[in-house]
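*Asks:* Have a look at the structure that comes next, please.
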Amino acid sequence: MSIRVTVIGTGYLGATHAAAMAELGYDVIGIDVEPEKIAELSAGRVPFYEPGLDELLAKHVASGRLRFTTDYAEAGSFGDIHFICVGTPQLKGEFAADMRYVDSSIEMLAPHLTRPCLVVGKSTVPVGTAARVADRLTALAPAGSDAELAWNPEFLREGFAVEDTLRPNRLVIGVTSERAEQVLREVYAPLLDAGVPLVVTDLPTSELVKASANAFLATKISFINAMAEVCEAAGADVTLLAKALSYDDRIGGKFLGAGLGFGGGCLPKDIRAFMARAGELGADQALTFLREVDAINMRRRARVVELAREQCNGSFLGRRIAVLGAAFKPDSDDIRDSPALNVAAQIQLQGGDVSVYDPKAMDNARKAYPSLTYVDSAAEACRGAHLVLHLTEWAEFRAMDPATLGEVVAERKIVDGRNALDLAQWRAAGWTYRALGRP
Ligand code: UGA
């Protein structure tokens, strides 16, 4: 009989993983504690924006291979393999991760595990969590040690979640037995047969792979942003610098985009949780550099506000500011720790009249920042604006015609927070163009 899969937690990670597992041919149940989410998903609708996921989910809800429930008992008796995909946000007022959702998913699932099965953690967790959860699982499950734990970190990017799940650049599995390894090899056989590299590790290594991958990516972004600060001081151009660096394949060109820096539900909280965990382990010195990575990143937001204020001759009072972009990055409606909204809110607090437009993130932005003004198009945001801020590099913004936009603004001034617009084109159309790390 084919392996039956459950996926616990149906956010960006879990909903994508559930649909992908159905696509690989398994019968899948997705579980969440939020009934509204389950109702949406059961109707074949994705409650957030992720390119390609709508189609995949609808296809498998229709085929009957993918169902959703809030009932842990149903999930427990159904699944041969249970993937834990719940969130691990930052604790309020602390660097550490909030583990309550991981812990409660185990507490709710384990009592229903009466036969041999594998529970596989995918959430990003502090190293040591898997070993702790494994003990709890054995203690709570009627199947005892036949309910085994493995860890299988997820590296998907929002905006490319479907692609990254069905065609990942690697699979990492942390296991404590051959049986667990065999089950995971079988579940991922279609990917392994297609040539996806597999790294088999112990539990703590698998947890650390994820934390260190995100720490590396964050460091790379802050590195180029630090170079942008030096470029500004020296009158150099960070985009040309990055281009020149990128031809060295030891460095590579990806994640060398200087600008407003990283946000989202992962990189910022993951580097902080990593520092907190290293501290608990007595290895805090090893990660003190991540404080600097974080500080460089947070300075980007302040620097964009400063650049904007300079463009408004020293004060935002009585100035209309168009903000293009609210999502933390393009092709997503996620606004968690969004640099764009952070900048918009700071400028509004300093007296600016801010209008925000984003192609997909308006609803989420409105809920989180209700006092900002939201409009239905880039042109509307720019109407009568004394300054335009380009803060999330959606294709729609990159394709804007500076001459046409120039007709509706009060002043042709733009700050490109993402170094993503064509400087020559904007200057040729009579705009004052400013960006981070460029003369
Ligand atoms: C990140 C990682 O890239 C994924 O591998 C990981 O699985 C995921 O976190 C996670 O832990 O779940 P994601 O948060 O979707 O993925 O977004 P990224 O594409 O990494 O971008 C993060 C931020 O960095 C964005 O705000 C983006 O605008 C910024 N960024 C990215 C730059 O400022 N410069 C760059 O060159 C690249």
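The values are calculated or read from the model by the stated rules, or taken from the named source; none is laboratory data. On a predicted model such as this, the values are computed, not experimentally measured, just so you know. All Cβ positions, even for glycine, are placed from backbone atoms using ideal geometry, and neighbour counts span all protein chains on display. These area figures cover heavy atoms from the full protein model, side chains too; ligands, DNA and RNA do not enter into them. Shrake-Rupley method; radii C 1.70, N 1.55, O 1.52, S 1.80 Å.
*Asks:* What are the residues in the stretch 256-292 that are within 12 Å of the ligand (Cβ to nearest atom) and of a type in the set (A, V, I, L, M), if any?
*Replies:* The answer is Leu256, Ala258, Leu260, Leu267, Ile271, Ala273.
*Asks:* Separate question: Within the stretch 331-349, how many residues turn out to be among the basic types (Lys, Arg) and more than 12 Å from the ligand (Cβ to nearest atom)?
*Replies:* Of the residues in the stretch 331-349, the ones among the basic types (Lys, Arg) are 336.
In the following step, the residues that additionally are more than 12 Å from the ligand (Cβ to nearest atom) were identified as none.
Total satisfying the criteria: 0.
*Asks:* Considering each residue of the stretch 20-41, count those that are touching a Ser or Thr at 6+ places or on another chain (Cβ under 8 Å), of a type in the set (A, V, I, L, M, F, W, C) and closer than 22 Å to Phe160 by Cβ, and give that number.
*Replies:* Total meeting the criteria: 4.
*Asks:* How many residues does the stretch 327-377 contain that are in contact with a Pro (Cβ under 9 Å, 6 or more places away or on another chain) and of a type in the set (A, V, I, L, M, F, W, C)?
*Replies:* The qualifying residues number 2.
*Asks:* Taking the condition part of a loop (DSSP other than H, G, I, E, B), open to solvent by 30 Å² or more (accessible area, probe 1.4 Å) and either over 21 Å from Ser123 (Cα atoms) or modelled with pLDDT of 95 or more (or both), does Gly93 pass?
*Replies:* Spelling it out, Gly93 is indeed part of a loop (DSSP other than H, G, I, E, B), open to solvent by 30 Å² or more (accessible area, probe 1.4 Å) and either over 21 Å from Ser123 (Cα atoms) or modelled with pLDDT of 95 or more (or both).
*Asks:* Name the single residue, out of those in the stretch 140-171 being open to solvent by 20 Å² or more (accessible area, probe 1.4 Å) and free of Cβ contacts under 8 Å to residues at least 12 places away in the same chain, that is nearest to the ligand (Cβ to nearest atom).
*Replies:* Going through the qualifying residues, I end up with Arg157.
*Asks:* In the stretch 313-432, which helices (runs of 4 or more DSSP H) lie fully inside it and hold 3 or more residues that are of a type in the set (A, V, I, L, M, F, W, C) and open to solvent by less than 50 Å² (accessible area, probe 1.4 Å)?
*Replies:* In the stretch 313-432, the matching helices (runs of 4 or more DSSP H) lie at 339-349, 378-382, 402-408.
*Asks:* To continue, here is another question. With the checklist (1) modelled with pLDDT under 95; (2) open to solvent by less than 10 Å² (accessible area, probe 1.4 Å) in hand, flag the one item Ile3 doesn't pass.
*Replies:* Exception for Ile3: condition (2).
*Asks:* Please work out if Phe328 is touching a Gly at 6+ places or on another chain (Cβ under 9 Å) and more than 16 Å from the ligand (Cβ to nearest atom).
*Replies:* no
*Asks:* Every residue in the stretch 277-321 that is under 21 Å from the mean Cα position of the chain (by Cα) and farther than 24 Å from Asn342 by Cα, please.
*Replies:* Arg277
*Asks:* Moving on to the next point. Name every residue in the stretch 255-301 that is in contact (Cβ under 8 Å) with a residue 24 or more places away in the chain, open to solvent by 50 Å² or more (accessible area, probe 1.4 Å) and in a loop (DSSP other than H, G, I, E, B), in order of residue number.
*Replies:* Those that are in contact (Cβ under 8 Å) with a residue 24 or more places away in the chain, open to solvent by 50 Å² or more (accessible area, probe 1.4 Å) and in a loop (DSSP other than H, G, I, E, B): Phe255, Gly257, Cys266, Leu281.
*Asks:* Can you tell me which residue among Ala15, Ala20, Ala75 is within 24 Å of Glu148 (Cβ to Cβ), open to solvent by less than 20 Å² (accessible area, probe 1.4 Å) and either within 16 Å of the ligand (Cβ to nearest atom) or at pLDDT below 95 (or both)?
*Replies:* Matching residue, one of Ala15, Ala20, Ala75: Ala20.
*Asks:* Given (1) over 20 Å from Ala19 (Cβ atoms); (2) open to solvent by less than 10 Å² (accessible area, probe 1.4 Å), identify the lone condition not met by Gly128.
*Replies:* Every condition holds for Gly128 apart from (2).
*Asks:* For Leu203, which of the numbered conditions (1) more than 8 Å from the ligand (Cβ to nearest atom); (2) touching a helix residue (DSSP H, G or I) at 6+ places or on another chain (Cβ under 9 Å); (3) closer than 30 Å to Gly437 by Cα fails to hold?
*Replies:* (3)
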